[in-house]
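To start, the structure under review is shown below, and the notes come after it.
The values are calculated or read from the model by the stated rules, or taken from the named source; none is laboratory data. This structure is a prediction, so every number in the text was calculated from the model and none was measured. Methodologically, a virtual Cβ is constructed for each residue, glycine included, from the backbone with ideal geometry; neighbour enumeration extends over all protein chains shown.
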Amino acid sequence: MRISAEFLLGQNKIDRDSNRIFISILKSILGKYDKVIYKSFFEMGSATKPYCFSLHMKDGRLAGNEIKIPSRKITFKISTISLESGLHIYNAFVQSLHKIYYIAENSFTLNDVNIEREKKIYDNEAVFTALSPVVIRKYEGIDREISYFSLNEEEGKKLLMGNLKKQILKEFGEDNIIDIDYIEVDVLFNKEVNIKNYGTDILANVCNIRIFAKPYILNYIHKAGIGGHKRTGFGMMGLQ
């Protein structure tokens, strides 16, 4: 399920660490809506419902540590594999329509919210476009230090494939291992970008990828996203 919410800004700019701002807004909206739902999203670890999101700034342009937005409009798109979670998100946003949130020396007014019509995948392959940058990461060493990779590197491509198969296995289980082993990923285009995430600059990928898999797996990817940091605004995928 996909929800699209339009916010009007008080100023024509936003901090480059914009995902962090909208996570705060999402937490505030869900917290006021229902404490139990809030905890299921943010305080239950691995039991949290998978979701991802992207920010669309039609006329946005990067200017140092800020993004200039002449129209003062941002569309906050959220995708989840859970219909129940999606309905809760939608209802929470409807409840908060026209409310103003003051964050990072700016104001954000929730102007509109809609449920998007989703495309259904029926074939064994699909071409996806990253609606928010894809993060490929690897934990290394005793201290579990994080390294980030580009999809222009073979190591990055291997990690994407391996992490994707782990994600699908966790969702669908060993009974579907034959279908999971069948998955193939072809990177059609990739541009490396540096994104600020909670104050840290990280390497990410704006890409088009073709994935070969069973339709139920492709539909899951379309809803759940791929890569790391999905819950902080990365890896949301759209269909070409």
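Things worth noting here:
- Only one of S71, S4 that is in a loop (DSSP other than H, G, I, E, B) and either more than 28 Å from I121 (Cα to Cα) or under 21 Å from the mean Cα position of the chain (by Cα) (or both): S71
- Criterion (under 26 Å from E171 (Cα atoms), surrounded by 13 or more Cβ atoms within 10 Å (Cβ to Cβ) and at pLDDT 95 or above) met by exactly one of K77, K99: K77
Every residue, every condition in (1) farther than 22 Å from A204 by Cα; (2) among the hydroxyl-bearing types (S, T, Y); (3) not assigned by TED's automatic domain parsing to the domain that holds G227, yes or no:
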{"site": "Y90", "(1), (2), (3)": "yes, yes, yes"}
{"site": "Q95", "(1), (2), (3)": "yes, no, yes"}
{"site": "K99", "(1), (2), (3)": "yes, no, yes"}
{"site": "L110", "(1), (2), (3)": "yes, no, yes"}
{"site": "L131", "(1), (2), (3)": "no, no, no"}
{"site": "E155", "(1), (2), (3)": "no, no, no"}
{"site": "L160", "(1), (2), (3)": "no, no, no"}
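- Complete set of residues in segment 141-166 that are surrounded by fewer than 17 Cβ atoms within 10 Å (Cβ to Cβ) and either in contact with a Cys (Cβ under 9 Å, 6 or more places away or on another chain) or assigned to a loop (DSSP other than H, G, I, E, B) (or both): G141, I142, D143, R144, N152, E153
- Scanning segment 114-156 for residues that are of a type in the set (V, I, T) and touching a residue at least 24 places away in the same chain (Cβ under 8 Å) turns up I115, I121, V127, T129, V134, V135, I136.
- Residue in segment 171-185 that is touching a strand residue (DSSP E or B) at 6+ places or on another chain (Cβ under 6 Å), modelled with pLDDT of 95 or more, of a type outside the set (A, V, I, L, M, F, W, C) and under 13 Å from A130 (Cβ atoms) present: no
- Subset of segment 109-123 [hydrophobic (A, V, I, L, M, F, W, C) and assigned to a loop (DSSP other than H, G, I, E, B)]: I121
- Looking only at segment 218-240, and only at residues there that are modelled with pLDDT of 95 or more and part of a strand (DSSP E or B), the one that is nearest to K157 (Cα to Cα): M237
- Near pairs, Cβ below 6 angstrom, 6+ apart or cross-chain, from segment 18-39 (in contact (Cβ under 8 Å) with a residue 12 or more places away in the chain and assigned to a helix (DSSP H, G or I)) to any residue that is hydroxyl-bearing (S, T, Y) and buried (at least 16 other Cβ atoms within 10 Å of the Cβ): N19/T232; I25/Y101; I29/S96; L30/Y38
- Selection over segment 168-208 of residues that are of a type in the set (S, T, N, Q) and closer than 27 Å to S24 by Cα gives a count of 4.
- Qualifying residues in segment 168-209 (those that are closer than 23 Å to S82 by Cα, of a type outside the set (V, I, T) and touching a Lys or Arg at 6+ places or on another chain (Cβ under 9 Å)) - the one surrounded by the fewest Cβ atoms within 10 Å (Cβ to Cβ): D179
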